Amino acid sequence: MTKIYVPGRSKEDWRKCLADPIKHWRTGYSAKALACAWMEDPDDFPVSVKSVFAKSQIEVFQNIEMLLAFPEYETPLPGRGRPSQSDVFVLAKSKNGLVSITVEGKVSEPFGDVVSDWKVPQSSDKQLRLKYLCDCLGLELADVDSIRYQLLHRTASALIEADRFNASSALMMVHSFSQTDEWFEDFAQFAALFGAKAEVDSIAYAKRRDDSLFPGIDLYLAWIKG
């Protein structure tokens with residue numbers, strides 16, 4: 001992934017960013033649903049997202065402005081293996097400062113393996129990566145065995161990018177296009193690790209311990225229905 005990006009003007013431009021522009025571009029699946037929603041107005045957040053921001057009554061999300069949005073954005077992680085690839089990464093601005101947002105689009109797809117399954121077979125690279133993710137989030141290794149691995153690295157990515165851009169706030173957003181909110185229970189279980197109560201079309205503040213790698217960055221979690 002280079003540091004030079006080409007502006008997108010259509011859904012077809014978005015499609016070209018996918019790992020497999022043919023296989024992944026299917027009606028009823030998250031890649032196409034997300035692109036259609038976010039390209040309705042390429043200069044602003046989708047209506048469903050703006051609505052949740054406005055009603056949240058969280059100051060940082062009031063009058064928030066999207067500065068840049070990158071489809072299929074990669075955040076490097078330690079240890080051999082793929083980077084964390086957010087479906088969208090957004091750098092936004094509020095009156096409180098910059099906001100780093102990683103977006104995970106879903107229809108009926110799960111969040112991948114739970115950590116206990118992802119660790120098998122065990123390796124030093126997996127141990128290194130998992131320890132780093134837990135340090136980012138202020139979680140203990142023993143806390144995360146039943147948590148979906150994708151939720152860990154996507155949330156850590158929001159914090160990593162916030163630190164990179166000197167943003168004061170980080171948000172990991174699930175943008176779900178499921179009419180039955182499939183896999184919401186997994187998201188709620190993850191949010192509960194931070195003392196946060198997850199709700200559909202809502203933003204929750206994630207209370208983290210001071211021993212995380214990024215103690216000065218406020219972390220939020222959101223499930224938004226497209």
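Scanning the stretch 10-27 for residues that are out of contact with any helix residue (DSSP H, G or I) (no Cβ under 7 Å at 6 or more places or on another chain) and of a type in the set (D, E, K, R) yields Glu12, Asp13, Lys16, Asp20, Lys23. Of all residues in the stretch 75-88, those that are under 14 Å from Leu159 (Cα atoms) have Cβ atoms under 6 Å from Cβ atoms of residues that are assigned to a loop (DSSP other than H, G, I, E, B) and open to solvent by less than 30 Å² (accessible area, probe 1.4 Å), 6 or more apart or on another chain, in Ser84/Leu77.
Gly81 passes all but one of (1) in a loop (DSSP other than H, G, I, E, B); (2) under 17 Å from the mean Cα position of the chain (by Cα); (3) under 26 Å from Lys131 (Cα atoms); which number fails? Result: Gly81 passes all but (2). Can you confirm whether Ser86 is among the polar types (S, T, N, Q), in a helix (DSSP H, G or I) and either modelled with pLDDT under 95 or within 18 Å of His175 (Cα to Cα) (or both)? Here the answer is no, as Ser86 does not meet what is asked.
Within the stretch 92-103, the presence of a residue that is more than 19 Å from Ala167 (Cβ to Cβ), under 16 Å from the mean Cα position of the chain (by Cα) and outside any helix (DSSP H, G or I) is excluded.
Just one of Ser146, Ser178, Ser169 is in contact with a helix residue (DSSP H, G or I) (Cβ under 6 Å, 6 or more places away or on another chain), polar (S, T, N, Q) and modelled with pLDDT of 95 or more; which is it? When all the criteria are applied, what remains is Ser169.
Filtered by the rule that a residue be open to solvent by less than 30 Å² (accessible area, probe 1.4 Å) and within 18 Å of Ala162 (Cα to Cα), the stretch 46-65 gives Val60, Phe61, Ile64. Applying the criterion of being surrounded by 14 or more Cβ atoms within 10 Å (Cβ to Cβ) and of a type in the set (Lys, Arg) to the residues of the stretch 66-112, the residue that is nearest to Trp14 (Cα to Cα) is Lys106. Here Pro7, Pro46, Pro42 are screened, and the one residue that is modelled with pLDDT of 95 or more and either touching a helix residue (DSSP H, G or I) at 6+ places or on another chain (Cβ under 6 Å) or of a type outside the set (A, V, I, L, M, F, W, C) (or both) is Pro46.
Considering the conditions (1) touching an Asp or Glu at 6+ places or on another chain (Cβ under 7 Å); (2) aliphatic (A, V, I, L, M); (3) open to solvent by 10 Å² or more (accessible area, probe 1.4 Å), Val115 is excluded by exactly one of them, (3).
Name the residues in the stretch 18-34 that are hydrophobic (A, V, I, L, M, F, W, C), in contact with an Asp or Glu (Cβ under 9 Å, 6 or more places away or on another chain) and closer than 19 Å to Ser108 by Cα, would you? Answer for the stretch 18-34, where residues must be hydrophobic (A, V, I, L, M, F, W, C), in contact with an Asp or Glu (Cβ under 9 Å, 6 or more places away or on another chain) and closer than 19 Å to Ser108 by Cα: Leu18, Ala31, Leu34.
Listed by position, the helices (runs of 4 or more DSSP H) inside the stretch 1-73 whose residues that are within 19 Å of Val174 (Cα to Cα) and not polar (S, T, N, Q) number at least 2 are 30-38, 47-55.
The values are calculated or read from the model by the stated rules, or taken from the named source; none is laboratory data. Only a predicted model underlies this, so the values are computations on that prediction, with no experimental measurement involved. Positions of Cβ are backbone-derived with ideal geometry, glycine not excepted, and every protein chain shown enters the neighbour counts. The accessibility values were calculated without ligands, DNA or RNA, using every heavy atom of the protein model including side chains. Shrake-Rupley method; radii C 1.70, N 1.55, O 1.52, S 1.80 Å.
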